[in-house]
Every structure is written in C-alpha cells, then in structure tokens.
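S.K.: Here it is, the structure, as structure tokens.
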Amino acid sequence: MTQNSQHTRPLRVLAAMSGGVDSAVAAARAAEAGHDVTGVHLALSANPQSFRTGARGCCTIEDSRDARRAADVIGIPFYVWDLAERFREDVVEDFVAEYEAGRTPNPCLRCNEKIKFAALLDKALALGFDAVCTGHYATVVTAPDGSRELHRASDMAKDQSYVLGVLDERQLAHAMFPLGDTLTTKDEIRAEAERRGLAVAKKPDSHDICFIADGDTQGFLANRLGGPAEGDILDESGTKLGTHDGAFGFTIGQRKGLRIGHPAADGKPRYVLDISPVDNTVTVGPAAALDVTALTALKPRWCGTAPAGPGGYTAQLRAHGDETPVTAELTDGTLHVRFDEPVRGVAPGQAIVLYDGTRVVGSATIATTRRRTDALAAG
Amino acid sequence: MAYLDHAATTPMLPEAIEAMTAQLRLTGNASSLHAAGRRARRTVEEARETLAEALGARPSEVVLTSGGTEADNLAVKGLYWARRAADPARTRVLASPVEHHAVLDAVHWLAEHEGANVEYLPVDAYGRVAPEALRAAVERDPGDVALATVMWANNEIGTILPIGELAEVAAEFRIPLHSDAVQAFGQTELDFGASGLAAMTVSSHKIGGPYGIGALLLGREYTPVPVLHGGGQERQVRSGTLDVPAVAAFAVAGRLAAERREEFAREVGALRDQLVAAVRDAVPDAVLGGDPDHRLPANAHFSFPGCEGDSLLLLLDAQGIECSTGSACTAGVAQPSHVLLATGSDPELARGTLRFSLGHTSTRADVEAVAKAIGPAVARARSAGLS
C-alpha cells in the first residue's frame, strides 16, 4: 500500500524538472530507487529569452539551466521540450478567458491536467516511458483491487493534492511523486538537495503564476483584455457606490483597493461579492453576505469511480485552504455540494476538490454559489 | 556509441593533440621581443604559412581569430563599416538566407543598429544561390552594395554553393564577397586565391583541431574595421594575444584536412551513401534534405514526416546514437530550421529533421547502428506525434 511497493520493478521514468529544488530532489530519488530516469525541462514561455530576477517561475533560460545542472549531478540524460504552444492554448488562454467571464481560475491545476499529465504524459508513454515523475507533494497508493488512489502527502502542511485533483485513474497510473510519502520539511528537502550536491538547494521557492513574470496579475489581465474599462461598484440593492478600472481585476472576497468614497451605513467593511463582466459591474457588501452555504460545480473529474448517491466528504476550495465537511451529490453531470458550515471566499471558476479521509475523490469547477443571504430569495 | 555529429565538432586528430600538448609546455608571447617571444612568433608564423598553403592563400591573408563566429563577425561587420566609411551610399548587404547564425545574426544586427539595408538572395529547394540571382540583386544599384556573404557549404543540409561563379559576379562589380567555409574545409576543395573571394571563414574544431581558434582569410586589399580593439596583433584588424598551442594544432589539422581531403571524400562519402540508403530502406518516406549531387560528403540530412525531431533525438540518444536535429537552439529548445524554411520546406515537415554528419572516426558499425535503430525510432516518434 505504499508508493514504493508499487514500483519494485525498475521503470522508465520521465522526470519533469522545472529548475526548482522539489523536482530536482524528486528526480534524484527516482533515480536512486533504481528507475531509468530521463529529465525533461518544459519550455512553456512563448519568449524563452526572458530572464527574471529571483527565478521563481518555470519558464526562463535560467530555470532551464538549473534543471540541466541538476540532471548532470544526478547523472541522467536531459532534454528541453517545447510545449509553449500547448501551454499557451490550454493554460494561458484559458486563464484569460476565465477571468474575462468573471471567474477565478487556478492555472496550476489546468497545467497539471492538460500539460504535465496530458501532453507530456502522452508523449512520454508514446516514446516508451512508463511514468512521469514530478516534485509534487502527494501520494499515489495502489488499492487492494489494483486501482490507483491519490492521497494527501504525509505532511499535510506541504500537501499539493489539491492541484492534482484533476487527474483521473489512467493519469495516476503513470504518475510518480517521490516527495509525497516522506514526512520531511522544506528545510529537510533543501538539506537533501545540498547533500546530493544539487545547486538548486538554495533557490527560492516558486509561488506565483509562472507565466506572469512580474507577479502583476492585474497588469497582465489589463494588457490582455484591452486595458482598464471603467465600470460601476454597486451595493447589494444596486445603488452605485463608486467606480472601478475593470471588473476582471477583482476577486470575490477582496476587501482592499475598492476605493469607495463613503462608508457603509453600518460602518463595517465591505467586500467584493460578485463580479459581472457582462455589464462590467462589481457588487460589494458586508462580510456576512460572503457566506456560502452550497454550490454547483461542472466538469467533474474522478480519481476513481464516480460517487453514487449523496455522500459525506471534506472539500478543499483553494490551493492552501482548509478542508471543510460537505455533502455532495452528482446529478446529470453537475456536482451539488452543501456545506455543513458556511464558507467564505468561494468564487466561480475555482476548483473544488473532494476528499474521503486522505483520499482524493475528485474535483470539479465551481459554477454557481448560494449564499446564506440569498437562501430565502433563491429558495 | 555511434557519434554522428561531426559537423557540430569532430574528435581532435592525434597529430593535432601532439602539436598542442608540446606547445602547452612552452612559454612565450608571440608579441614579445626576447627569445621566448621569438620562438612563439616563429611557431605562429610557421602555422600561418601551413594554413595558407592548405587553403590556397598567402600567409599575410590568414587572420587568426577565436573561431568561426568571430571570423564571420569581423568579415560582415568590419567590411560593412569599412565600405560605408569609404562611401556612405554603400549600405546594402546581400546575404543568403541559409547562412549560419554567426553571419545571419551579424547581418541582422547591422540592419538593426547600423542602418544596413539587408537583402536576402533567393535560394532554390536545395539552398543554392544562383549567380544570376546575385547579379540581379547587385544590378538594381551596384553603387550601394557594401558586401555580399554566401556560405560555401550549408551546415544543416550539406548543400555546396557555387562560390566560384558568385565570386565572378561580385568581382565584376568590385563588390567584396565573404564566404563562411567552416563546413567545407576538408570536405571540398578550398582555394582562397583562385576563388575570387574577399574573405573566407574557417574553424579549427570542425577539422580535428582544438576549439577556440579559427581564421578569416582576408584579401590583402581589404582592411575591415576591427571588432576587437587592442594590441593589433593580427594585421591591425584583430587584437588579442595569440593562443600559440591552439594555432600550432590548428595548422596541423588544417594541413591534414587538405592532404586527406580526397581520401576523406571518397571513404566517408561511401559510408554516408550507405547511411542514406539504409535510412531510406527503413523509412521509405524519409525526405533527403539538400542537393543530392552538390553536397558535402559527410552530411546526411533527413526530414521524417509526422515526427518531432526532438523525439527522434531522444530515442536514438538512448541507444547511443548521437546526432542533431540540425537546427538552432535557444535554451535547448529546437526551433524550426531557418534553412529548411528558406528552401520552401513544409513547416510541419521541418519539425521532424535529423542531421547525421560523419567524420574521420566514422565506421561501418556506426552506419549499421543507425540502420537498425532508425525504423523503430521513427515509428515510435510518429506515435508520439507532433505536440
């Protein structure tokens, strides 16, 4: 039932190496476990010339060089594959289109679904590899019936199963996450990299969106979506409170930067409740109005068989969010989720990932939310 | 191991290693006036004479550089600056579109920063520039041409260009013609004096000499504006202390390249023909790139429909067969080859290319390894498709 037991036979492994410390240590562990490992750096930027300070992302010449140096030290072949076109179509354009439609996408999830465990995995399998290895913190377990299950990493603090919740059983069958089943802190991973002679040991973590070089998501979106277009900020009753520079720049639950002239009647802070790109309005209201009691989600992907009938699960709604108990049911391809306790900061476009204990059940993209305050109106 | 990437670099000849290591034990700056300096200078000048003889040039026409890239830059930029300084109307640069990046990017830089008006000469499906095409381009305004640059043989597809005929056209209009002959040296006859060229680039590590040394053959009537300023060691057009061990070894390799050229063309050419036949046998729809007749004896270039070149490279590399996709690299990413695109190749087809380049250590076993591996590799790469 451990990850290691399923890989007693040496496999031909393609290790995706971003140039960061995690994927380097993952590749090193896979090689040390006796697998025949080949390293690949994915060139995802349409402009691979870009050098970036701090090298936090995944698509610069510097990252490519760091990945190559790690592969040299591990002693594995190394190549750079150009997946920039696929990445642009499936991740960047999707990201822009989602924001344009007033939703809040997670591009890392999309990249795992469409690039690392689709375009890359398919190519790897066709070329004779058995598995793709990444530096994600998650665990793949073989169930007694032989099926593959995705579980949270042993160390919950570093768990990344959320961004892998889009993987189906076939993808999981060819996924290898050597970092997931060890209770190690990030410092220990860095120490291990140091011990292995990997120069990336001291490299800063990547944190923001890799294709937005300067971390300025709003600037990126403004550039892509035709610049700021002034629109109205409304309260829940539709009364105009102020103006904004483009609805796509806001996130549901956001409090700062609203620039509303006069205070609310009750004097309490106001939060973004809704973003409507169609009429370019942003609706704000009190914190209580953020409370979401239920949601529907589309495009479900299951890590095993789809759940039959209503069931009790825990749900995670963002990459570093807490889990919360829910009842979920699938009807006609739509996932209906009720929260045991209301949650805040839920936005259409985000992924909801369902867990049964530590096991990832599946994921879906949030389409609509029901707030406590619309419970009466919406029935 | 089957090393089939000699056009990238070829193993050093034992004779060149011998010459280099012997010099590494000695001291002396060729510009110094004392005995040690004179000894170094003598070594350099003997090497220069050897290279001149191997290339049909006078010793004073051999300008030693750090390699092919520097020689190309000196020729293209230096001649442009000098010709424009003599007559400000001369800003047109005529270049073939299949040049190596050392020429192409230098020309491009002149256009971006020095007001050059770059005109790319038309090429046929094999990458050849017709003399009439050069004539037509020059005749549009013979007075404004700074220089023309056309490579002797293409590094990717192996086509040999008609340099002698092109040089005749250039000479008629008194326009300097430069030719990058890095790939041609040792494989086809190079006679700088007879060629009519103003300048010609050669490189040491492509012919079994060390890295980091090359030469620009430069007609005595030309004084390009230097790219590197300093002590003026090489005819006042190139500065920098000469690398005596590398110069000595380059000369040995150059002499042997010239001496063994016919034998090389015959023997390596026969192996290359076997390799081409074996690949066509295993993959009937493989497309041979370059001119089937006027080509380098060591070059075999193929496009494999429906394949990614990088997939093929990985699969062959895993079996110990080392070749190239034959295209330029940025951060290790294969870009569609500008050479294939210039020759009108279908961009999809241009993604699935491999260049096998043979050399002095190539054997029958290398060819057999390719014959055995290429069919299954192409089948597998096809199943991986074009991403």
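S.K.: What single numbered condition from (1) surrounded by 19 or more Cβ atoms within 10 Å (Cβ to Cβ); (2) touching a helix residue (DSSP H, G or I) at 6+ places or on another chain (Cβ under 6 Å); (3) of a type in the set (Val, Ile, Thr) fails to hold for A:Thr142?
M.R.: (1)
S.K.: May I pose another question? What are the residues in region B:338-359 that are assigned to a helix (DSSP H, G or I) and either over 22 Å from the mean Cα position of the chain (by Cα) or without any contact (Cβ under 8 Å) to a residue 60 or more places away in the chain (or both), if any?
M.R.: Selection gives B:Leu341, B:Leu349, B:Ala350, B:Arg351.
S.K.: Let me ask something additional. For B:Val247, all conditions in the list (1) β-branched (Val, Ile, Thr); (2) in a loop (DSSP other than H, G, I, E, B); (3) more than 13 Å from B:Gly186 (Cα to Cα) hold save one; what is the number of the exception?
M.R.: Condition (2) is where B:Val247 drops out.
S.K.: Okay, next question. Taking the options B:Gln335, B:Gln319, name whichever one is modelled with pLDDT under 95 and within 14 Å of another protein chain (Cβ to nearest Cβ).
M.R.: Checking each option against the conditions leaves just B:Gln335.
S.K.: Strands (runs of 3 or more DSSP E) wholly in region A:302-365 with at least 2 residues that are farther than 19 Å from A:Val166 by Cα - which ones?
M.R.: Per the criteria, A:311-316, A:323-331, A:334-343.
S.K.: So, restricting to helices (runs of 4 or more DSSP H) that lie completely within region A:1-92, which ones have at least 2 residues that are modelled with pLDDT of 90 or more, farther than 30 Å from A:His151 by Cβ and at the interface with another protein chain (Cβ under 10 Å from one of its Cβ atoms)?
M.R.: Correct list: A:61-74.
S.K.: Only one of B:Leu74, B:Leu110 is surrounded by 15 or more Cβ atoms within 10 Å (Cβ to Cβ), touching a Pro at 6+ places or on another chain (Cβ under 7 Å) and modelled with pLDDT of 95 or more. Can you tell me which?
M.R.: Going through B:Leu74, B:Leu110 in turn, just one is surrounded by 15 or more Cβ atoms within 10 Å (Cβ to Cβ), touching a Pro at 6+ places or on another chain (Cβ under 7 Å) and modelled with pLDDT of 95 or more: B:Leu74.
S.K.: Can you name every residue in region A:229-267 that is surrounded by fewer than 12 Cβ atoms within 10 Å (Cβ to Cβ) and either of a type in the set (A, V, I, L, M) or modelled with pLDDT under 80 (or both)?
M.R.: A:Lys256, A:Gly257, A:Arg259, A:Gly261, A:His262, A:Pro263, A:Ala265, A:Asp266, A:Gly267 - these are the residues of region A:229-267 that are surrounded by fewer than 12 Cβ atoms within 10 Å (Cβ to Cβ) and either of a type in the set (A, V, I, L, M) or modelled with pLDDT under 80 (or both).
S.K.: Kindly evaluate B:Gly208 against the criterion of being surrounded by fewer than 24 Cβ atoms within 10 Å (Cβ to Cβ) and of a type in the set (Gly, Ala, Ser).
M.R.: No.
S.K.: Restricting attention to region B:152-197, report how many residues are in a loop (DSSP other than H, G, I, E, B) and over 22 Å from B:Arg255 (Cα atoms).
M.R.: 10
S.K.: Within the bounds of region A:261-278, is there any residue that is in contact with a strand residue (DSSP E or B) (Cβ under 8 Å, 6 or more places away or on another chain) and either among the polar types (S, T, N, Q) or on the phi > 0 side of the Ramachandran plot (or both)?
M.R.: Yes - at least one qualifying residue is present in region A:261-278.
S.K.: When you go through (1) surrounded by fewer than 20 Cβ atoms within 10 Å (Cβ to Cβ); (2) assigned to a helix (DSSP H, G or I) one by one for B:Thr43, which number turns out not to apply?
M.R.: So B:Thr43 meets the others, but not (1).
S.K.: Let me ask something additional. Can you tell me which of A:Val163, A:Val141 is more than 14 Å from every other protein chain (Cβ to nearest Cβ) and part of a helix (DSSP H, G or I)?
M.R.: Of A:Val163, A:Val141, the one residue that is more than 14 Å from every other protein chain (Cβ to nearest Cβ) and part of a helix (DSSP H, G or I) is A:Val163.
The values are calculated or read from the model by the stated rules, or taken from the named source; none is laboratory data. As the structure is a prediction and not an experimental result, all values here were calculated from the model. Every residue, glycine as well, gets a Cβ built from its backbone with ideal geometry; the counts of neighbours run over all protein chains shown.
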